[in-house]
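Notes to accompany the following structure.
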Amino acid sequence: MRTDTPQPIRLSDYRPPAFLIDEAHLAFDLKPNTTRVKAKLAVRRNGDHAGPLRFNGERLKLISAAIDGRRLGDQEFAVDDEFLTIANVPDAFTLETEVEIDPENNKALEGLYMSGGRFCTQCEAEGFRKITYWPDRPDVLSRFTVRLEGPKSLSRLLSNGNLIEAGELPGGRHYAVWNDPFPKPCYLFALVAGELDMLEDQLVTMSGRTVALRIYVDPGMAPRAAYAMDALKRSMTWDEEAYGREYDLDLFMIVAVRDFNFGAMENKGLNIFNSSLLLADPATATDADYERIESVVAHEYFHNWTGDRITCRDWFQLCLKEGLTVYRDQGFSADMRGHAVQRIKDVKALRARQFAEDQGPLAHPVRPSSYLKIDNFYTATIYEKGSEVIRMLRTLIGPDAFRTGMDLYFDRWDGHATTVEEFVRCFAEASGQDLTHFFAWYEQAGTPRVALKQAYDAKAQTLTLELSQRTPPTPGQGQKRPLPIPVVVGLLDQDGRPLAFERDGETIEETVIVLTQPSATVTLHKVAREPAVSALRGFSAPVVLETDAEAKDRYIQLAADPDLFNRWEAGQTLARELILARAAGQPDEVGEERYATALGRSLSDQAAEPAFKALLMALPSEPDLALALQPADPAAIHEAREALLMRLSVHLEPELRRLHTGLQDIGEFSPDAAGAGRRALRNAALELLAANPRSDNVDMASGHFEAAANMTDAMGGLNALMQMGGERYEQALAAFYERWKGEPLVIDKWFSIQARDPSETALGRVMGLTTHPAFESKNPNRLRALVSSFANFNPARFHDPSGAGYRFLADQILAVDRFNPMTAARLVDPLDGWRRYKPELGALMKAELERIAAAEDLSKNVLEKVSRALEG
Ligand code: TRP
Ligand code: ZN
């Protein structure tokens, strides 16, 4: 166990920077092991800050330092593992430094590193300090001019902003100089150098300017960037229409790299993407990949305003850019792909990741107040709950005041680094509402539980709704305040028709009840008949709703709720109750038949979209069910869920076969929402059939796999075969590998599907795959395809009663932490909910966390995760 406890960084300790850098000239001489970086910085003391200059710098070999042209002697500065300190500096001066770095051996993938022979950077959150000495914090905004020099084999030399000069040098070398006119924090700096192909296009903006758009990819891959380019153009136009935001430089570039810790990065004018979120064609990418590409391209592009032009004062404000940008990309995806379907997918993701986080020891507020490593706070809470909070804000103040508030935010804070308080202040001003109370959503962790009781009085024709809220304690926050919770409510009669009612003298079909107190009672009038209550429509707040509604009301909703989110939700609630009853040893066979019949009716509803039906057909996931069962018993949940799937499969067989035949793709592949929806429904039908491993279903899946004309169907077939197991699955796996072994992104899928296999032998297979020649733990995509897929999406095998699944994960964490702490720390997540599981399992999970914590030389990233998981 380590003895030196790292000190947390606290929001309350924020102080403005002591020194600012107005202008920066950086010059890179690019060599794999000995890159030289010269920095010439116009530095100035900020206000009346006294004291020495202290700039961040890690893994840098300092060659020289000079102030105003005078080289500093050894006595005039100090360098340690983290800082360069210069005791005496004037109030304004030029600082010149030269350092040497080793990109080729940088396997942490932050700072300057190499991927596939190309140089690239990742500086958010604190990677710039591995490139040069700098006050590495987001509130120091500087204008950058960057000179790149290297051999001509590095054919592209790219950085932020505009290319202002380029030319040849003796000895087969060349250079390029880039200038970014917009002041930015160093985390938005980027450079890329290497051999790349380019796909080029252009867009005319709302004010009539022509912007050049360039996507750079591995040689030969340019055709696979076409969809990303299309998504980029749609994003740019959408941001003009929805938010009045126009792009500001004459050039926008995206580069795809294969080795990347996260999805993508919004560096000003030069976004860098994980190639898995950029490259697509029908043969190698699934519809889900296309959908992700569209939303991530939009997300990174939208950061140009929410993140780059307006950035964060400090990293506690991370949700200021991430929550807001997720909110914006979700709005874009909803417009592209349908509001209800998009909302359901977003809520599924929120529940699976954020609700789980809130129930574990790493629960934290949307704006945390302390951290050890900020890298650990790129979480579902910051991103997804951060978006939900903004969505509620809009519901509370209305769309017009929301848009006015956004305009005010852009006007007031353009070119600055700011805080969440200032963001919310813009909406308070725009709406004239006091949002002090609302701010608690940013400061309080945990998922509120909202209880709803309904009482209908036929004589008085009134419906009384009693609402109450309670947020369970989270680590470090024992006492919770009530939050303002918008609950959107509508009524249905027993035939499923919308039922009008009166509230505050107005006749309406839907209303927003804002619960601000621990409890409240609301009476709706002129309710003509006994209603089914459709509450929390559109998932109007990120809470768990507990109602006393009877199953019959849920069936009314499942059949007819005009709010499609709640129509889907009703089905999920029914299914969840049936599975949990089975898991508790009390199967409700009558209920299951009733559910199967109702589902069959919904599936044959001609008016409903295929994409929606596909979602309706999917049962709640095992992790989702585990959250509802305390203590969680993954094996019981798995068995119960499989049993319900089997019943549905048998009951719905004719309908499923009809869907499978009727939805066959005819004509050319189109990745659009309509085509994707049809394929989703057809593959969902196949998956449900595969719950019953009868030989004709094996034949069907095998035929589907062999006939697949695109990756969506190939994976659909392989997935169905995997569910059923056996010789045909093994043959398909082998054929798939043979066909795709030259395509890394497809081989990731090959690893991932095996990791999700719930059969008994899967853990052994997964462990064996770590020695497969195609397994590369240094590539985060490949690592996640195998290890994270197993730990997150195969609960039945990860939670093996022997503890072998946990041990496997812990071994991987320890191995990866040696070279890539950021990625290793993310692998810890599946272990941190240990207290929620059956005591036998929880103890084994805890033992692995303890084993990790006791290891020598653990990174701060992993140390923070495991120690909080053990304390919490
Ligand atoms: N800011 C990136 C986003 O758009 C996230 C990100 C990319 C990131 N790479 C990172 C965060 C490395 C931390 C470290 O969401
Ligand atoms: Zn982002």
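Overview of values
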| item | result |
| --- | --- |
| Which listed residue is assigned to a helix (DSSP H, G or I), over 16 Å from LEU515 (Cβ atoms) and among the aromatic types (Phe, Trp, Tyr), from TYR409, TYR456 | TYR409 |
| Residue within the range 314-331 that is open to solvent by 20 Å² or more (accessible area, probe 1.4 Å), more than 10 Å from ligand 1 (Cβ to nearest atom) and aromatic (Phe, Trp, Tyr) present | yes |
| Residue within the range 275-285 that is within 11 Å of ligand 1 (Cβ to nearest atom) and closer than 28 Å to ALA193 by Cβ present | yes |
| Considering residues of the range 107-129 that are more than 13 Å from LEU154 (Cβ to Cβ), part of a loop (DSSP other than H, G, I, E, B) and open to solvent by 10 Å² or more (accessible area, probe 1.4 Å) only, the residue nearest to ligand 2 (Cβ to nearest atom) | GLU124 |
| The listed residue being open to solvent by 30 Å² or more (accessible area, probe 1.4 Å) and closer than 28 Å to PRO610 by Cβ, out of GLU546, GLU569 | GLU569 |
| Residues (polar (S, T, N, Q) and part of a helix (DSSP H, G or I)) located in the range 806-834 | GLN812, THR823 |
| Residue identified as more than 16 Å from the chain's Cα centre (by Cα), under 24 Å from VAL140 (Cα atoms), open to solvent by 10 Å² or more (accessible area, probe 1.4 Å) and away from ligand 2 (no atom under 16 Å from the Cβ) among ARG337, ARG403, ARG391, ARG425 | ARG425 |
| Residue match in the range 263-274 (condition: under 26 Å from ALA709 (Cβ atoms), under 18 Å from the mean Cα position of the chain (by Cα), buried (at least 24 other Cβ atoms within 10 Å of the Cβ) and within 14 Å of ligand 1 (Cβ to nearest atom)) | no |
| Verdict on TYR301 being within 14 Å of ligand 1 (Cβ to nearest atom), at pLDDT 95 or above and not assigned by TED's automatic domain parsing to the domain that holds ILE382 | yes |
| Filter result for THR311 (within 16 Å of ligand 2 (Cβ to nearest atom), among the polar types (S, T, N, Q), within 30 Å of GLU443 (Cβ to Cβ) and not in a helix (DSSP H, G or I)) | yes |
| Helices (runs of 4 or more DSSP H) within the range 506-604 that include 3 or more residues among the basic types (Lys, Arg), more than 29 Å from GLU384 (Cα to Cα) and at pLDDT 95 or above | none |
| Residue within the range 333-346 that is away from ligand 1 (no atom under 16 Å from the Cβ), more than 15 Å from SER235 (Cβ to Cβ) and of a type in the set (D, E, K, R) present | yes |
| Check on ASN179, assigned by TED's automatic domain parsing to the domain that holds GLY57 and buried (at least 16 other Cβ atoms within 10 Å of the Cβ) | yes |
| Count - residues of the range 278-299 that are open to solvent by 10 Å² or more (accessible area, probe 1.4 Å), within 12 Å of ligand 2 (Cβ to nearest atom) and under 27 Å from LEU163 (Cβ atoms) | 2 |
| Condition check for GLY538: free of Cβ contacts under 8 Å to residues at least 60 places away in the same chain and open to solvent by less than 30 Å² (accessible area, probe 1.4 Å) | no |
| Candidate set: the range 479-495, residues that are under 36 Å from the mean Cα position of the chain (by Cα) and in a loop (DSSP other than H, G, I, E, B); chosen: the one surrounded by the most Cβ atoms within 10 Å (Cβ to Cβ) | LEU483 |
| Residue within the range 2-9 that is among the hydrophobic types (A, V, I, L, M, F, W, C), over 27 Å from THR145 (Cα atoms) and surrounded by fewer than 11 Cβ atoms within 10 Å (Cβ to Cβ) present | no |
| Members of the range 19-52 that are part of a loop (DSSP other than H, G, I, E, B), touching a residue at least 24 places away in the same chain (Cβ under 8 Å) and open to solvent by 30 Å² or more (accessible area, probe 1.4 Å) | LYS31, PRO32, ASN33, THR34, ASN46, GLY47, HIS49, GLY51, PRO52 |
| Qualifying residue in the range 260-267 (condition: within 12 Å of ligand 2 (Cβ to nearest atom), part of a loop (DSSP other than H, G, I, E, B) and under 28 Å from TYR737 (Cα atoms)) | yes |
| Condition met for LEU465 (outside the structural domain of GLN359 (by TED's automatic domain parsing), over 25 Å from the mean Cα position of the chain (by Cα) and modelled with pLDDT of 95 or more) | yes |
| Pairs where the first residue, in the range 114-133, is more than 9 Å from ligand 1 (Cβ to nearest atom) and the second is assigned to a strand (DSSP E or B) and open to solvent by 20 Å² or more (accessible area, probe 1.4 Å), C-beta under 6 Å, 6+ apart | ARG129/ASN56 |
| Test: LEU232 is surrounded by fewer than 20 Cβ atoms within 10 Å (Cβ to Cβ) and on the phi < 0 side of the Ramachandran plot | no |
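The values are calculated or read from the model by the stated rules, or taken from the named source; none is laboratory data. As the structure is a prediction and not an experimental result, all values here were calculated from the model. Methodologically, a virtual Cβ is constructed for each residue, glycine included, from the backbone with ideal geometry; neighbour enumeration extends over all protein chains shown. Each accessible area value is taken on the protein alone, full model and side chains, heavy atoms only, with ligands, DNA and RNA left out. Shrake-Rupley method; radii C 1.70, N 1.55, O 1.52, S 1.80 Å.
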